[in-house]
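Okay, structure first, notes after.
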Amino acid sequence: MNTIYIVEDDQNIREIESFALKNSGYHVQGYETASDFFHGIAAKIPDLIILDIMLPDEDGLSILKKLRKRPDTRRVPVMMITAKQEEIDKVKGFDLGADDYMAKPFGVMEMIARVKALLRRSQGGGEEKILSLGPVVLDGEKRQAIVNGHLVDLTFKEYELLQFLLRNQGIVLSRDQIMDRVWDGYEGESRTLDMHIKSLRQKLGSASSMIRTIRNVGYMAEWEDSMAREME
């Protein structure tokens, strides 16, 4: 049974979310403050976190930033739920590593569907176990990225992005296609995708050229003999 932590200071909303998730077969623990949440994290790492931005002792974006810096929580899927609907709040959340974003008021059935999608993707979801292109290998079971025989530490979103590119290698993917698949249909112009591409290229090192920028369209993963010769 998957464990989900809810960090929400509004008791009514927290109880509604908890009730819906428990009825869907999840083990749920709710927290009103950031301090209580981090005590919970110390005892057990959950499979998914539902995080409100406006909290009494620390804002959710600050909590998210801390989670993404910790090796034991950096890959745990995080869904942001907040009353804020401004574009800049969504951009900040995604830039800091949020995996999904819902604005209040929201539908409980939609929340459950998004939770299931995030858990399915974070746990393999029955997709290909091994993906490879040139010197890059993704192990779906272990959720590991290996470049030239060396393990590369990727965040949850970086792994999702690379996985999507490799699964469609040789195909030009538009920015909208990538945002729809990796960021669950997030709409609006932002620097989120470009920042993740930049970070991913840095971590791929000598294999970074496999991610090609297609001007005015998007990106494509491709490995050619000329690239291999450049690495020799």
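Scanning the chain for trypsin sites (Lys or Arg not before Pro) in DSSP loops with at most 12 neighbouring Cβ atoms within 10 Å leaves 45-128 as the longest stretch between them. In order along the stretch 28-43, phi translates into HN-Hα couplings of 10, 10, x, 9, 8, 10, 5, 4, 5, 4, 5, 5, x, 4, 5, 7 Hz, rounded to whole numbers, per the Karplus curve 6.51 cos²θ - 1.76 cosθ + 1.60 with θ = phi - 60° and x for Gly and Pro. Put a dot 7 Å past the Cα of Lys198, heading toward its Cβ, do the same for Val172, and the two dots end up 2.4 nm apart. For the stretch 69-76, the Karplus equation 6.51 cos²θ - 1.76 cosθ + 1.60, evaluated at θ = phi - 60°, returns couplings of 8, 8, x, 8, 10, 5, 9, 6 Hz by residue, with Gly and Pro reported as x. Remark on Tyr101: its backbone amide H falls under 5 Å from those of Met80, a criterion applied only to residues 5 or more positions apart or on other chains, H modelled at 1.01 Å from N. For the stretch 30-152, the relative contact order works out to 17 percent when only alpha carbon pairs closer than 8 Å and six or more residues apart are counted. On full extension, the segment bounded by Arg120 and Arg74 gains 14.8 nm, given 0.36 nm per residue less the C-alpha separation.
Given R₀ = 30 Å, FRET efficiency for Lys66-Ala113 by Cβ-Cβ distance, to 0.05?
That pair, Lys66 with Ala113, gives E of 0.60.
For the stretch 130-144, the Karplus equation 6.51 cos²θ - 1.76 cosθ + 1.60, evaluated at θ = phi - 60°, returns couplings of 10, 10, 8, 7, x, x, 9, 10, 10, 9, x, 5, 8, 6, 10 Hz by residue, with Gly and Pro reported as x. Over the chain, accessible surface divided per residue gives 49 Å², non-protein components excluded, 1.4 Å probe.
What the Cβ-Cβ distance of Asn12 and Lys142 gives, at R0 = 30 Å and to the nearest 0.05, is a FRET efficiency of 0.15. Residues considered: Met111, Met102, Met195. Largest GNM mean-square fluctuation over the chain, using C-alpha springs under 10 Å, is found at Met195. Normalised by the number of residues in the chain, the mean separation of alpha-carbon contacts (under 8 Å, six or more apart) gives a relative contact order of 13 percent. Accessible area per residue (1.4 Å probe, heavy atoms of protein chains only) ranks Asp47, Asp52, Asp139, Asp176 as Asp176, Asp47, Asp139, Asp52, with the largest value leading.
For the stretch 41-186, what is the convex hull volume of its Cα atoms per residue in Å³?
It comes to 127 Å³ per residue, whole-number rounded.
Under a crude label model (7 Å from the Cα following the beta-carbon direction), how far is Met54 from Phe19 in nanometres? It is 2.2 nm. For the set His27, His196, His150, the ranking by accessible area, highest first and with no ligand, DNA or RNA atoms included, is His150, His27, His196 under a 1.4 Å probe. Across the accessible surface of the chain, with the other protein chains kept in place and a 1.4 Å probe, carbon and sulfur atoms take up 49 percent.
The values are calculated or read from the model by the stated rules, or taken from the named source; none is laboratory data. Everything numeric in this text was worked out from a predicted model, so none of it was measured. Every residue, glycine among them, receives a Cβ derived from its backbone with ideal geometry; neighbour counts consider all protein chains shown. Areas reflect the complete protein model, heavy atoms only, side chains present, ligands, DNA and RNA absent. Shrake-Rupley method; radii C 1.70, N 1.55, O 1.52, S 1.80 Å.
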